[in-house]
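Everything on this sheet refers to the single structure shown next.
Here, each number is a calculation from the coordinates, and none is a lab measurement. Everything numeric in this text was worked out from a predicted model, so none of it was measured. Note that each Cβ is placed from the backbone with ideal geometry, even for glycine, and that neighbours are counted across all protein chains shown.
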Amino acid sequence: MSYKFLSLPQLSDKRSELPNRGNLAKRNTALRKLVRVWHHSLTRKHLGGSNARGFANYHVHSLGWERIGYTFVIEPMNIVDTPNGRRARIVYANNITDRSYHVGTSNDSSLGICVAGDYRYDDLDAATIASMVDLHRALIQDNIGRNDKSHHEMPGYAWKVCCVFDYRKALSTSPHSPVIEADLPDTYTVQQGDTLWSLANNDDRFTVEDLMRWNNIENPRNLRVGQKLTFRPPTTSAPTTPPTRATVKWSGTVTSPGLNVRKGPSVNFPIVRALNNGDVVDVYEESNGWLNIGNGQWVSNVGGKYVTKRTNAGRRYLNLKPSINAWRVYPLNRAAVRGNEIGFLNPQKFGGLSYEILGNPMSNVYTIQTANFGRVNIFASNSTASTITNRPTY
């Protein structure tokens with residue numbers, strides 16, 4: 001049978017070329033009854049490895065799956081000029097009749113479509129939306145799937161903020177319905193394809209290290225389907241010493257522009273994001289020239305070339321003078337401009353405030369750690385209201 005989606009000019013059939021360990025089992029659900037499930041990859045769309053091959057490498061060589069978890073991958077980094085205009089490349093990665101791993105217990109009754117990108121920070125561009133619409137229309141014409149859902153709309157994943165982007169709006173199939181952060185379940189049952197990293201990486205409420213500590217997990221690779229996990233620290237009615245967080249061995253400063261952050265200690269793992277020259281990281285573990293910087297993320301530091309240990313002499317502090325009573329702070333993923341602020345600092349109330357500078361993403365913008373807002377950016381130009389020193393002033 002010839003499918004409409006195979007004739008899309010931006011579609012590239014890579015089923016026989018992507019890394020694999022063999023064949024997947026055939027699905028039992030009829031194609032017309034499938035749910036088309038939309039994912040994002042949690043890897044910034046412009047970075048190397050944020051594509052079908054990168055995801056296949058991770059799923060096959062790191063997770064031990066037979067093949068990549070998605071049937072289709074839309075790649076914003078690869079633009080195709082078509083008779084209908086510019087389109088993001090669509091990679092056909094698995095047979096539509098194969099049961100791949102992407103939504104646990106719903107794998108058999110669903111078809112996984114991944115839009116490469118981390119849409120907590122990235123935006124859907126026109127070429128990507130056009131390919132989403134083209135693929136969606138072709139699948140409908142082919143009678144493949146009865147409806148569409150986001151990853152977080154599937155059974156067992158209501159707590160998960162994925163695919164983040166509004167697929168309904170992009171596909172123009174129903175009114176805008178924003179993704180809302182749902183309450184965490186009391187317990188979570190591990191489903192097929194889950195890893196601690198995939199559970200923690202797009203949720204700010206816990207980290208990989210938290211899950212290991214709260215659930216007494218020594219080796220994250222030993223996660224089992226059906227295993228019960230808690231997403232909260234243990235509680236007790238009796239006073240107790242608070243549990244200690246994973247130990248920070250040392251802190252370092254990034255000395256290389258565009259240092260890639262990966263999902264594991266090897267170039268075979270996909271790139272999650274990139275660090276800037278001057279960014280500060282906490283190091284939890286060292287392994288064969290790689291540094292674990294928390295939440296299951298690693299950076300290369302072969303020969304100590306890319307991250308140097310920080311000393312007190314090398315630290316800088318941003319000092320906010322007490323003449324100001326409201327100083328805007330901004331989330332790390334938004335521009336530091338009026339209207340994007342998430343709160344205000346009040347140096348006047350405390351007789352001045354000093355913060356260690358943890359990063360300098362752009363001119364006059366500094367990353368600091370605050371008690372009320374966590375790690376944020378702050379705009380502080382050279383003025384009489386702030387100073388930068390080697391020791392805290394306040």
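Provide His136, His59, His102, His46 in ascending order of the number of other Cβ atoms located within 10 Å of each residue's Cβ, fewest first.
His46, His136, His102, His59
Along the principal axes of its C-alpha atoms, what lengths does the chain span, in descending order and rounded to whole Å?
74, 52, 44
Comparing Ala274, Ala56, Ala326, which has the greatest mean-square fluctuation in the GNM of the chain with Cα pairs linked when under 10 Å apart?
Ala326
Over 15 Å apart: what share of the alpha carbon pairs of the range 47-90 falls there, rounded to a whole percent?
Tail of the P(r) past 15 Å holds 48 percent of the pairs.
Taking springs between alpha-carbon atoms closer than 10 angstrom, which of Asn216, Asn292, Asn107 fluctuates most in the Gaussian network model of the chain?
Residue with maximal mean-square fluctuation among Asn216, Asn292, Asn107: Asn216.
Helix 126-141: angle to the longest alpha-carbon principal axis of the chain, degrees 0 to 90, nearest 10?
Roughly 30 degrees between the two axes.
Can you give the calculated 222 nm mean residue ellipticity of the chain, where each DSSP H run of n ≥ 4 adds -39,500 (n - 2.57) and the sum is split over every residue, rounded to the nearest 500 deg cm²/dmol?
Calculated from helices alone, the mean residue ellipticity at 222 nm is -2500 deg cm²/dmol.
Sorted from fewest to most neighbouring beta carbons within 10 Å, what does the list Leu332, Leu196, Leu171 look like?
So the residues, fewest neighbours to most, are Leu332, Leu171, Leu196.
Taking neighbour Cβ counts within 10 Å as the exposure measure, how do Ser41, Ser62, Ser100 sort from fewest upward?
With the fewest neighbours first, Ser41, Ser62, Ser100 line up as Ser62, Ser100, Ser41.
Quote the charge dipole size of the range 11-158 about the Cα centre in Debye, to the nearest 20; the model charges only the Cβ of Lys and Arg (+1) and of Asp and Glu (-1).
Using only the charged Cβ atoms, the result is roughly 340 debye.
Relative to the compact-globule scaling 2.2 N^0.38 Å, provide the ratio for the alpha-carbon radius of gyration of the range 250-310.
0.95
Rg/Rh for the range 314-389: what does it come to with C-alpha atoms and Rh from Kirkwood?
Ratio value, two decimals: 0.92.
How big is the range 51-134 by Rg and Dmax over its Cα atoms, in Å?
13.5, 40
Which value in Å does the Kirkwood hydrodynamic radius of the range 4-171 take, with 1/r averaged over all unlike C-alpha pairs and then inverted?
When all Cα pairs of the range 4-171 are included, the Kirkwood radius is 15.7 Å.
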